[in-house]
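Structure record follows, encoded as structure tokens.
Each value in this text was obtained by applying a stated rule to the coordinates, not by laboratory testing. Note that this is a predicted model, so its numbers are computed, not measured. Quick reminder, even Gly has a Cβ in these numbers, built from the backbone with ideal geometry, and neighbours come from all protein chains shown.
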Amino acid sequence: MKRLQDRVAIITGAAQGIGLGIAYKLMEEGAKVALWDINEEKGLAATKTLQAQGGDCAFFPVNTTDFEAVKAATQAVVAHFGKIDILINNAGITRDATLKKMSVEQWDQVMNVNLTGVFYCTKAVYPFMEEQAYGRIINASSVVGLQGNFGQGNYAATKAGLIGMTQSWAREFGRKGITVNCVAPGFIATEMLLTIPEKVLDMFRGKTALGRLGEVEEVANVYCFLASDEASFVTGTTISVDGGVAV
């Protein structure tokens with residue numbers, strides 16, 4: 001039997017990049033996947049591609065900074081699939097600037113998506129996991145949340161905040177059969193990263209102990225482990241998938 005056979009997963013920010021890679025991996029392992037994303041065009045395209053490969057999935061256009069929309073989408077997933085076993089809070093944005101140049105709007109946008117959005121999604125999904133006494137919640141932090149980064153004070157604050165939220169929720173939810181963990185990727189070869197000049201990418205590669213960028217599948221493998229019963233005694237932890245940037 002596959003590791004996630006008949007489990008139902010919600011993945012936010014699933015239309016592209018790491019989120020889409022996680023969707024591929026979970027479906028390979030037998031999960032049914034609800035893809036959430038604010039970009040309807042890319043979300044529908046991603047869903048069509050996954051379904052063409054035999055995946056059981058559905059797309060739900062969701063703005064995770066709108067709690068009423070999140071609650072409605074959560075109900076829609078339960079109506080469609082019958083339950084929710086896994087929540088992967090992957091959606092996130094950057095609005096980079098130094099403190100001197102950062103606008104209030106740039107600060108608020110990143111806080112709303114990266115931190116408040118995770119709170120909204122988890123708050124909406126939690127009652128369904130509590131009722132069935134089972135759940136896997138996995139939050140997307142970053143190496144920047146562990147080390148900080150020049151010009152990313154807003155982003156670093158949210159990703160560090162997610163680690164604290166993860167540890168707190170692990171304590172709150174553990175007796176309900178729900179684990180809560182964090183994944184902290186480093187420099188991963190997504191479409192977005194590969195638009196950066198080669199000289200900058202070489203600098204990123206040089207910062208890793210392995211001397212290369214990570215692959216999306218390598219991050220997705222860790223999410224799949226944490227979502228599975230193999231990780232049944234793992235909660236409140238943050239796993240770095242960064243090729244040794246943080247060592």
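Near the amide H of Val241, within less than 5 Å, lie the amide hydrogens of Ala184, Gly186, all on another chain or at least 5 residues away, with H placed in the peptide plane. Extension gain, Ala76-Ser103: 0.36 nm per intervening residue step, less the Cα-Cα distance, totals 6.1 nm.
For the cross-link pairs Lys25/Lys101; Lys32/Lys123; Lys100/Lys159, the ones whose C-alpha atoms lie over 29 Å apart are Lys25/Lys101.
Here region 53-106 was treated as a single set of alpha-carbon atoms; its pair distances binned every 10 Å from 0 give 17, 38, 23, 16, 6 percent.
Between Thr237 and Leu210, the modelled label-to-label distance comes to 1.8 nm, taking each label 7 Å out from Cα in the direction of the beta carbon.
Set the Förster distance to 41 Å, then compute FRET efficiency between Ala189 and Glu68 from the Cβ-Cβ distance, nearest 0.05. All intermediate terms of the calculation are to be shown ahead of the outcome.
Details: r = 36 Å, r/R0 = 0.89.
After rounding, the FRET efficiency stands at 0.65.
Return the loop-located chymotrypsin sites (Phe, Trp or Tyr not before Pro) in region 199-247 (DSSP other than H, G, I, E, B) with at most 16 other Cβ atoms within 10 Å of their own Cβ; answer none if there are none.
Values: sites: Phe204, Tyr223, Phe225, Phe233; in loops: Phe233.
Hits after loop and neighbour filter: Phe233.
Against the chain, whose longest principal axis comes from its Cα atoms, helix 198-207 is set at around 80 degrees.
Taking all Cα pairs closer than 8 Å and separated by 6 or more residues, the relative contact order of region 102-171 comes to 35 percent.
Counting only C-alpha contacts under 8 Å and six or more residues apart, can you give the relative contact order of the chain as a whole percent?
Values: 494 pairs, mean separation 46.7, N = 247.
Answer for the chain is 19 percent.
Dipole orientation for the chain: of the candidates Val8, Gly206, Phe67, Gly206 has the Cα lying most toward the positive pole (charges on Cβ; Lys, Arg +1; Asp, Glu -1).
Modelled spin-label separation between Asn39 and Arg3, with each label point placed 7 Å from Cα along the Cα-to-Cβ direction: 2.7 nm. Phi angles across region 35-46 convert, under the Karplus curve 6.51 cos²θ - 1.76 cosθ + 1.60 with θ = phi - 60°, into 3J(HN,Hα) values of 8, 10, 6, 7, 8, 5, 4, 5, x, 5, 5, 5 Hz, Gly and Pro given as x.
Throw me the Rg/Rh for the chain, computed over C-alpha atoms with Kirkwood Rh, two decimals. Walk me through the numbers before you get to the answer.
Values: Rg = 17.2 Å, Rh = 18.1 Å.
Rg/Rh for the chain comes to 0.95.
Considered as an equivalent ellipsoid built on the Cα gyration tensor, region 153-247 has semi-axes of 29, 15, 11 Å, the largest given first. Can you figure out the FRET efficiency of Asp56 with Glu172, using R₀ = 22 Å and their beta-carbon distance, to the nearest 0.05? Efficiency, rounded to the nearest 0.05: 0.10.
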